[in-house]
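The values are calculated or read from the model by the stated rules, or taken from the named source; none is laboratory data. Computed from a predicted structure; not experimentally measured. Note that each Cβ is placed from the backbone with ideal geometry, even for glycine, and that neighbours are counted across all protein chains shown. Just so you know, the surface numbers come from the protein's heavy atoms only, side chains and all, with ligands and any DNA or RNA stripped out. Shrake-Rupley method; radii C 1.70, N 1.55, O 1.52, S 1.80 Å.
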Amino acid sequence: MPIEVGAQSYPLDDLSVVELAVGIPGAYCTKLLRDGGADVVKIETSEGDALRHRACGGIDPEPGADSALFQYLAAGKRSVVADPGPGGEQRVLDLVRGADVIVWSRGSALTQTVTPQRLQAAAPAAVICAITPFGLDGPWADRPSTEATLQAMGGAPLTRGDPARPPVIQGGRLGDYAAGLTAAVGSLIAVRRARASGVGELVDTSAYEAVLMTMSMYPVCYESIAGHPHRLNRQMNLPGIHRSKDGFVGFMVVTGQQWLDFCVMVDEPGWLDDESLLRFDVRGRRRTELVGRINDWTSSRSTADILELASALRVPAAEVGEGATIPKFEQMAARSMYVTNPGGGFLQPRPPYWFHDSSATNRPIDRAPTLGEHTATVAAATTKPPAAEPAGRADPDVLPLAGLRVADFTNNWAGPVIGHVLAMHGADVIHVESAQRPDPIRYNSIKSMSEPDWWEYSPLFHGPNFGKRDLTLDMSVERGRELARALIAESDVVLENFSPRVMEAWGLGWDEIRAINPRAIYVRAPAFGISGPWRDRGGYAQTMEMASGLAWLTGWPDDAPEIPNGPMDPLAGGHATIGLLVALEHRRRTGEGTLVEAPMIGGALNVAAELVIGHSAYGVQIARMGNRSPDAAPQGAYRCLGKALDGQDDRWVFVSIETDEQWQGLRRALGDPEWTKNPAYDSAAGRHLGHDALDRGLADWCAPREGGDIVAQLLAEGVPATVVLHQNEPGASEQEASRGFFERVEHPIIGTTIGYAYPARLTSGPAVRNRSHAPLLGEHNAEILQGLLGLSAEDVAQLEQDHVIGRAPAVAVNAW
């Protein structure tokens with residue numbers, strides 16, 4: 001029965017969460033749950049979470065004050081102090097007995113003894129979400145690592161940056177935020193099953209697998225289909241990011257037509273006549289020539305003038321935001337995408353999604369707690385009584401999202417990610433496209449358009465579409481739209497990520513969806529939002545990365561910012577999934593359908609939050625540092641012996657020292673050479689000051705050695721290190737083979753393909769996440785139209801004859 005929810009009720013306000021974690025991943029996970037209304041109790045030792053003391057852009061918090069980043073991530077939580085030892089451990093175990101969700105990570109003396117197994121024993125009905133670098137099991141479970149080495153192991157750095165320089169990581173600890181987001185999604189999916197079954201769950205979240213899912217575009221899947229790696233070497237986007245008269249402006253030229261339009265824009269008629277420049281790789285080889293002329297053109301014009309001209313010619317472009325400018329962008333200001341932190345008085349991004357036209361709302365942002373502020377009150381009365389002992393284990397054959405039907409109108413990468421997560425956990429996801437306009441990413445095929453079934457050979461379509469069914473409907477005709485409305489009437493969720501005008505032109509705005517199905521949850525995930533001055537501006541992941549500041553954080557200090565090149569697609573999909581799961585909880589309690597607006601830019605602003613927070617709180621301009629980090633020294637990529645996949649001398653190892661203990665381990669591994677013996681290096685501050693000299697020493701030591709030998713020697717002394725991998729190489733890792741992350745799926749045309757499992761693994765199942773292949777175009781037309789919508793076989797045949805449905809593209813146009 002639906003229940004009445006008062007004005008001060010929030011979708012997750014009956015969810016009790018205990019945060020027993022340190023660092024950004026756990027903090028961001030519970031921040032996302034708190035945004036939805038959950039009561040979050042943070043357990044800290046008397047020293048306080050290290051995030052309280054974390055410098056922001058090189059600025060330490062004032063004595064007695066908490067860092068602005070901590071205040072952002074901990075806003076509205078409660079703080080309880082518990083120290084290692086029997087008394088503190090018992091306090092934790094008493095507290096978690098009333099919890100619905102417990103978020104745990106390594107990294108503190110308390111969590112060394114209060115393990116997930118002890119938490120399960122104390123709270124058998126709770127969802128326990130463990131966030132670790134590689135997962136709780138497998139041969140790498142205890143391998144030393146940092147966020148930076150996980151990135152280097154993920155493969156993205158070797159696709160990014162100038163080949164004349166070392167491969168460069170993404171700035172801003174993006175991998176940490178990806179892990180936290182993944183953990184939050186996994187926790188809410190597990191809660192859905194736990195509420196139904198009364199049985200708890202262990203959610204095993206691997207930060208490395210989160211990096212693999214977000215920082216590269218299914219390269220292992222690509223290799224399984226193409227028979228060779230996606231990329232053999234580094235290629236920089238061209239055009240990419242270029243200096244203007246008053247800043248930096250970036251372009252994302254993908255299609256041949258966009259390149260031709262760009263040539264017109266920069267007044268280069270000779271390039272128009274050179275058909276070879278339509279090829280990305282050719283532009284890369286002629287980089288020096290082309291970049292010089294592009295830079296001459298952009299540097300003589302203001303950013304505003306360039307963007308106006310790019311918009312007129314439909315060339316995807318964006319201003320590269322930084323801490324001072326991002327909140328002033330007209331879309332961010334018009335949509336109030338930044339709010340003031342009540343405790344710190346600085347600007348922070350609002351939650352990455354928001355609700356419309358229902359009683360659902362995010363919990364308002366509150367101040368962060370002082371250390372131990374709630375110890376006495378929480379200890380005196382836990383938020384909920386202890387849960388009853390469950391009668392057994394969850395049935396692994398009952399999938400968490402079984403019974404949920406999704407009409408998935410999304411395309412490309414960011415939108416389909418949402419439905420893929422749902423399908424992996426049991427939802428019936430129906431991907432809607434058309435023979436007239438298939439999902440554009442199908443055109444990124446490894447086959448020529450002259451070959452049979454070429455549209456089924458796009459690895460980038462396969463990646464986020466395993467497990468779905470496919471329905472083709474020509475939405476340009478009324479019969480197609482009529483069938484779409486019939487599908488929506490039978491669905492719980494409707495997803496779309498077009499520019500806002502598309503669904504509205506089809507008569508499928510929120511008012512129409514609500515009239516068709518009042519219980520539907522309608523997730524709209526356009527680039528910049530469903531309203532505001534940038535409403536109709538198209539966007540790629542790369543333009544989101546420019547506008548949000550993620551590009552500003554990436555690259556070398558003495559050069560233009562680098563485009564991260566894609567992580568904002570899956571991260572946008574992940575944030576939209578959080579909004580959807582929160583809305584499902586709201587519907588469970590109230591019966592209400594909800595419009596969830598989850599623009600790509602919203603997630604980007606949240607994971608790049610420190611850029612604006614640092615400027616607003618401290619007046620500091622956080623900027624890119626190459627491979628260096630405020631959290632580690634020395635840290636970098638160092639050339640070693642060995643060949644890259646293309647045969648070039650482009651093999652590197654990545655070393656990252658975040659603690660004094662790791663520094664001492666590095667000295668032992670190297671044989672304590674003279675250049676390491678400066679006493680100043682015994683402190684992090686001294687190592688940061690001596691970073692140039694340390695880089696030279698490490699570079700000289702690594703150069704004559706094989707990468708695998710270097711890494712084995714360093715790991716043996718507890719030093720986080722890795723060979724910088726090519727994108728496809730994680731497919732052969734012993735860790736992911738042990739955990740079954742890469743799943744073999746048979747395809748009726750291609751043969752064996754590889755699907756990526758979800759990085760937050762529910763230990764009660766599903767054991768296999770990708771249970772069926774990415775669908776063929778229109779593969780399930782008859783099955784859906786007859787079995788779900790009640791049409792006859794004759795009706796389906798007529799629809800095919802009238803080209804309302806189809807199994808092959810009607811027009812072979814390179815939409816990609």
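Odds and ends about this structure:
- Residue 600 vs. criteria farther than 30 Å from residue 500 by Cβ and open to solvent by 10 Å² or more (accessible area, probe 1.4 Å): no
- Condition check for residue 451 on (1) farther than 17 Å from residue 524 by Cα; (2) outside any loop (DSSP other than H, G, I, E, B): one failure, at (2).
- All positions within region 160-193 that are over 30 Å from residue 554 (Cα atoms) and either in contact with a Lys or Arg (Cβ under 7 Å, 6 or more places away or on another chain) or surrounded by fewer than 24 Cβ atoms within 10 Å (Cβ to Cβ) (or both): 192
Yes/no matrix, rows are residues, columns are (1) of a type in the set (A, V, I, L, M, F, W, C); (2) more than 20 Å from residue 463 (Cβ to Cβ); (3) open to solvent by 30 Å² or more (accessible area, probe 1.4 Å); (4) at pLDDT 95 or above:
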{"residue": "203", "(1), (2), (3), (4)": "yes, yes, no, yes"}
{"residue": "216", "(1), (2), (3), (4)": "no, no, no, no"}
{"residue": "221", "(1), (2), (3), (4)": "yes, no, no, yes"}
{"residue": "233", "(1), (2), (3), (4)": "no, yes, yes, no"}
{"residue": "241", "(1), (2), (3), (4)": "yes, yes, no, yes"}
{"residue": "256", "(1), (2), (3), (4)": "no, yes, yes, no"}
{"residue": "278", "(1), (2), (3), (4)": "yes, yes, yes, no"}
{"residue": "289", "(1), (2), (3), (4)": "no, yes, yes, no"}
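- The set of residues from region 497-520 being within 17 Å of residue 415 (Cα to Cα) and part of a helix (DSSP H, G or I) comprises 500, 501, 502, 503.
- Qualifying residue in region 299-309 (condition: in contact with a Gly (Cβ under 6 Å, 6 or more places away or on another chain) and open to solvent by 40 Å² or more (accessible area, probe 1.4 Å)): no
- Of the residues making up region 522-534, those that are closer than 18 Å to residue 495 by Cα and either in contact with a Lys or Arg (Cβ under 6 Å, 6 or more places away or on another chain) or open to solvent by 20 Å² or more (accessible area, probe 1.4 Å) (or both) are 528, 529, 530, 531.
- Which numbered condition residue 249 misses (of (1) in contact with a helix residue (DSSP H, G or I) (Cβ under 7 Å, 6 or more places away or on another chain); (2) not in a strand (DSSP E or B)): (2)
- Test for residue 136: is it touching a strand residue (DSSP E or B) at 6+ places or on another chain (Cβ under 9 Å), at pLDDT below 95 and not in a strand (DSSP E or B): no
- Residue match in region 586-596 (condition: at pLDDT 95 or above, within 25 Å of residue 413 (Cβ to Cβ) and surrounded by 24 or more Cβ atoms within 10 Å (Cβ to Cβ)): yes
- Residue that is open to solvent by 40 Å² or more (accessible area, probe 1.4 Å), free of Cβ contacts under 8 Å to residues at least 40 places away in the same chain and farther than 27 Å from residue 29 by Cβ, where the choices are 797, 703, 716, 808: 797
- Test: residue in region 416-423 that is of a type outside the set (D, E, K, R) and assigned to a loop (DSSP other than H, G, I, E, B): no
- Region 338-348, residues that are touching a residue at least 60 places away in the same chain (Cβ under 8 Å), under 24 Å from residue 580 (Cα atoms) and out of contact with any strand residue (DSSP E or B) (no Cβ under 6 Å at 6 or more places or on another chain): 348
Listed here are the residues, each with its yes/no results for (1) of a type in the set (D, E, K, R); (2) assigned to a loop (DSSP other than H, G, I, E, B); (3) farther than 24 Å from residue 550 by Cα.
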position: 258; (1), (2), (3): no, no, no
position: 270; (1), (2), (3): no, no, yes
position: 283; (1), (2), (3): yes, no, yes
position: 291; (1), (2), (3): no, no, no
position: 304; (1), (2), (3): no, no, no
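- Residues (under 14 Å from residue 171 (Cα atoms) and without any contact (Cβ under 8 Å) to a residue 60 or more places away in the chain) located in region 541-562: 545
- Qualifying position, being modelled with pLDDT of 95 or more, within 25 Å of residue 630 (Cα to Cα), open to solvent by 50 Å² or more (accessible area, probe 1.4 Å) and of a type outside the set (D, E, K, R), among 694, 689, 725: 689
- Cross-chain or 6+ apart pairs with Cβ under 6 Å, region 505-530 first and in contact (Cβ under 8 Å) with a residue 12 or more places away in the chain and at negative phi, then open to solvent by 20 Å² or more (accessible area, probe 1.4 Å) and charged (D, E, K, R): 506/481; 516/485; 528/537
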